[in-house]
1. Can you spot a residue in segment 84-97 that is in a helix (DSSP H, G or I), modelled with pLDDT of 90 or more and either surrounded by 15 or more Cβ atoms within 10 Å (Cβ to Cβ) or not small (G, A, S) (or both)?
2. For segment 5-43, which residues satisfy the criterion of being farther than 21 Å from Q189 by Cβ and of a type in the set (A, V, I, L, M, F, W, C)?
3. Can you name the number of the only condition in (1) at pLDDT below 85; (2) closer than 18 Å to G15 by Cα; (3) surrounded by 12 or more Cβ atoms within 10 Å (Cβ to Cβ); (4) not basic (K, R) that G59 fails?
4. Is it the case, given these coordinates, that A18 is surrounded by fewer than 20 Cβ atoms within 10 Å (Cβ to Cβ), at pLDDT 85 or above and of a type in the set (G, A, S)?
5. For segment 155-196: of the residues being within 20 Å of E93 (Cα to Cα) and loosely packed, with under 10 Cβ neighbours inside 10 Å, which is modelled with the lowest pLDDT?
6. Inside segment 21-41, can you point out the residues that are surrounded by fewer than 19 Cβ atoms within 10 Å (Cβ to Cβ) and part of a helix (DSSP H, G or I)?
Amino acid sequence: MSDSDFGTFGEASLGRAAAEAMEFVDPRGWGQPPQLFGLVPTALLAQSQPEWADMLDDGTELTVIEQEPLPGDPTGGSAELDHVLATTTWPDEVVGCALVQEILVLPPDAEAALDGALLASDGADDAARHVAHTHPDRRQARMCAAVLRDGQRITLLQLRPLDEDENPFAQEDVLRADELSPGLVQALQATLDRED
């Protein structure tokens, strides 16, 4: 059976799966390495793994399947993550994937400092990272980019609470940010397009 036998999945289903992936990593706290998830039709899992019936959420069309933790420092470079995504493939049953990653978010006025650092340095990534890590108004955030084989995509962003006593995962704090990381979205899409 192909994934098309289990229907097509709309933006709302993909958004719920992305939010679920973010919620999944939240109890581990901040400072986590990137986490990759496969997205599998819940109906397919219910059919192929009947012993999982009690664990599957009937109300969701896509089930988020955690993969092995990815290597790398959450505040470091992306070379290891790039390598993992460049070599990842999925079986046909996986109709999509999602990646949750911590990032730094800067205010709009930080753009001039970033541009200056990039122009003045041969190591553009290192220079940009230094500016981001030393900017006084930086905010830590968690981002989830999720894609489906049919090309649908969504990116969600959650800023780290300034007050650590705040609810660690409040749905209303999750923002849609599809323009945030187009390169990451393309890399995720490529994992689905690549032959197993």
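1. Checked segment 84-97: at least one residue is in a helix (DSSP H, G or I), modelled with pLDDT of 90 or more and either surrounded by 15 or more Cβ atoms within 10 Å (Cβ to Cβ) or not small (G, A, S) (or both).
2. To start, the set of residues in segment 5-43 that are farther than 21 Å from Q189 by Cβ comprises 5, 23-33, 42-43.
Answer for segment 5-43, where residues must be farther than 21 Å from Q189 by Cβ and of a type in the set (A, V, I, L, M, F, W, C): F24, V25, W30, A43.
3. (3)
4. Details: surrounded by fewer than 20 Cβ atoms within 10 Å (Cβ to Cβ): no; at pLDDT 85 or above: yes; of a type in the set (G, A, S): yes.
No; evaluated as a whole, the condition is false for this residue.
5. D196
6. Result: E23, F24, D26, P27, R28.
The values are calculated or read from the model by the stated rules, or taken from the named source; none is laboratory data. Since the model is a prediction, treat every value here as computed from it, not as a measurement. Heads up, the Cβs are rebuilt from the backbone with ideal geometry, glycines too, and the neighbour counts pull from every protein chain shown.
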